[in-house]
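Undergrad: Below is one structure. I have some questions about it.
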Amino acid sequence: MIFVGILVVALVLWFGLQAYEHRLIFPGSKMMQEPPENFSREREEVEFCAEDGISLHGWWFPHPEAQGVLLVCHGNAGNVSSRLWIAEDLQDVPVNIFIFDYRGYGKSKGIASEKGTGLDVAAAWEVARNRCGGQESPPVIIYGRSLGGAVALQAATVFPVRGVILESTFTSILEIALRRFPWLFPRFTCRSTYRSDVRISQVRSPILMAHSPDDEIIPFDMGEAMYRKVPNPWKFIRLRGTHEEAGWQSSPEYAAAVREFIRRFIGTEPDPASRPLAPLLPPRRESDS
């Protein structure tokens with residue numbers, strides 16, 4: 001009886017830890033926000049399916065002079081309706097924008113998981129590819145922020161993307177858990193590891209990265225460590241502000257870099273063997289130590 005009691009307690013703790021992990025990694029919202037009154041960009045709702053049959057939802061923002069597609073993988077909170085500003089802000093860039101929700105987010109069905117987001121971004125890639133005429137190597141750049149950076153890398157290691165933009169993202173969920181929640185024994189309990197530190201070394205297209213030393217959620221040194229593993233680095237932008245504050249809206253240098261990156265690589269298939277166009281990392285300032 002004692003053994004049975006211990007087993008029951010262990011199982012309860014195990015499933016409790018799994019539920020807690022899922023809530024931390026995928027706190028997405030099903031509630032859709034209304035677009036702001038001044039939102040002017042044309043958009044189209046897109047319903048599509050992942051390979052396992054899960055129904056997904058996204059928004060397509062066409063550009064009259066588009067040379068390709070920017071595929072957006074958002075962070076772990078909210079849903080596509082809280083990312084409308086991305087399409088509004090990039091109206092001056094000749095690119096269609098496709099923002100989609102992972103399973104369990106917004107109008108997408110199912111329950112989020114690491115395997116699931118991989119299937120979801122693959123399905124979103126197919127939407128972008130088909131809208132580019134179904135060509136084998138379509139002009140698609142993929143952008144991911146925070147968790148979206150890990151999702152973007154799930155696609156960039158499989159599909160021939162023209163470029164990758166990674167913002168405020170991590171080496172792995174496992175490493176974050178080891179730093180922040182060591183008492184949860186993450187080496188034994190973490191199921192969604194998202195080993196971006198392994199995936200990024202397999203990406204041959206150019207990569208633009210940005211991270212803030214003031215990021216309190218994902219440590220800045222993770223961004224540095226990731227960029228050192230990039231086979232074809234383009235530029236690393238040092239942002240300012242917290243995890244929520246940092247981005248191209250608060251960094252003119254990063255905003256300019258994003259636009260230059262898209263324009264440079266969306267229309268030309270990059271040479272995988274090309275050398276870096278910028279130093280791997282800017283020199284560390286004393287205030288960053």
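Undergrad: Does segment 258-275 include one or more residues that are under 19 Å from Ala150 (Cα atoms), surrounded by fewer than 16 Cβ atoms within 10 Å (Cβ to Cβ) and at pLDDT 90 or above?
TA: no
Undergrad: Further, regarding this structure: Tell me which residues, restricted to segment 112-124, are in contact with a strand residue (DSSP E or B) (Cβ under 7 Å, 6 or more places away or on another chain) and surrounded by fewer than 23 Cβ atoms within 10 Å (Cβ to Cβ).
TA: Matches in segment 112-124: Ala112, Ala123.
Undergrad: Tell me, yes or no, whether segment 65-76 has at least one residue that is small (Gly, Ala, Ser) and over 24 Å from Thr242 (Cβ atoms).
TA: yes
Undergrad: It is to be established whether one or more residues within segment 213-236 are more than 30 Å from Ala50 (Cα to Cα), buried (at least 22 other Cβ atoms within 10 Å of the Cβ), hydrophobic (A, V, I, L, M, F, W, C) and touching a residue at least 24 places away in the same chain (Cβ under 8 Å).
TA: Checking segment 213-236: at least one residue is more than 30 Å from Ala50 (Cα to Cα), buried (at least 22 other Cβ atoms within 10 Å of the Cβ), hydrophobic (A, V, I, L, M, F, W, C) and touching a residue at least 24 places away in the same chain (Cβ under 8 Å).
Undergrad: Right, something else. Evaluate the following for Gly144: is it under 24 Å from Ser192 (Cα atoms) and in contact with a Phe, Trp or Tyr (Cβ under 7 Å, 6 or more places away or on another chain)?
TA: It is false that Gly144 is under 24 Å from Ser192 (Cα atoms) and in contact with a Phe, Trp or Tyr (Cβ under 7 Å, 6 or more places away or on another chain).
Undergrad: Hey, another quick one. When you scan segment 66-94, how many residues do you find that are part of a helix (DSSP H, G or I) and free of Cβ contacts under 8 Å to residues at least 60 places away in the same chain?
TA: Counting residues in segment 66-94 that are part of a helix (DSSP H, G or I) and free of Cβ contacts under 8 Å to residues at least 60 places away in the same chain gives 7.
Undergrad: Let me ask something else about it. If Ile97 meets every condition in (1) surrounded by 13 or more Cβ atoms within 10 Å (Cβ to Cβ); (2) of a type outside the set (Lys, Arg); (3) at pLDDT 95 or above; (4) in a loop (DSSP other than H, G, I, E, B) apart from one, which number is that one?
TA: Every listed condition holds for Ile97 apart from (4).
Matching residues to (1) among the β-branched types (Val, Ile, Thr); (2) touching a strand residue (DSSP E or B) at 6+ places or on another chain (Cβ under 7 Å); (3) surrounded by fewer than 10 Cβ atoms within 10 Å (Cβ to Cβ); (4) modelled with pLDDT of 80 or more:
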residue: Val9; (1), (2), (3), (4): yes, no, no, no
residue: His22; (1), (2), (3), (4): no, no, no, no
residue: Phe26; (1), (2), (3), (4): no, no, no, no
residue: Lys30; (1), (2), (3), (4): no, no, no, yes
residue: Pro36; (1), (2), (3), (4): no, no, no, no
residue: Glu44; (1), (2), (3), (4): no, yes, no, yes
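Undergrad: What do you reckon, is Val158 closer than 20 Å to Gly68 by Cα and buried (at least 24 other Cβ atoms within 10 Å of the Cβ)?
TA: It is false that Val158 is closer than 20 Å to Gly68 by Cα and buried (at least 24 other Cβ atoms within 10 Å of the Cβ).
Undergrad: Modelled with pLDDT of 95 or more and among the aliphatic types (A, V, I, L, M) - does that describe any residue in segment 235-243?
TA: Among the residues of segment 235-243, at least one is modelled with pLDDT of 95 or more and among the aliphatic types (A, V, I, L, M), which makes the answer yes.
Undergrad: Now for a different question. Quick check, is Glu51 in a strand (DSSP E or B) and in contact with a Leu (Cβ under 9 Å, 6 or more places away or on another chain)?
TA: no
Undergrad: State whether one or more residues within segment 192-204 are in contact with a strand residue (DSSP E or B) (Cβ under 6 Å, 6 or more places away or on another chain) and not in a loop (DSSP other than H, G, I, E, B).
TA: no
The values are calculated or read from the model by the stated rules, or taken from the named source; none is laboratory data. Note that this is a predicted model, so its numbers are computed, not measured. So basically every Cβ, Gly included, is an ideal-geometry build from the backbone, and we count neighbours across all protein chains shown.
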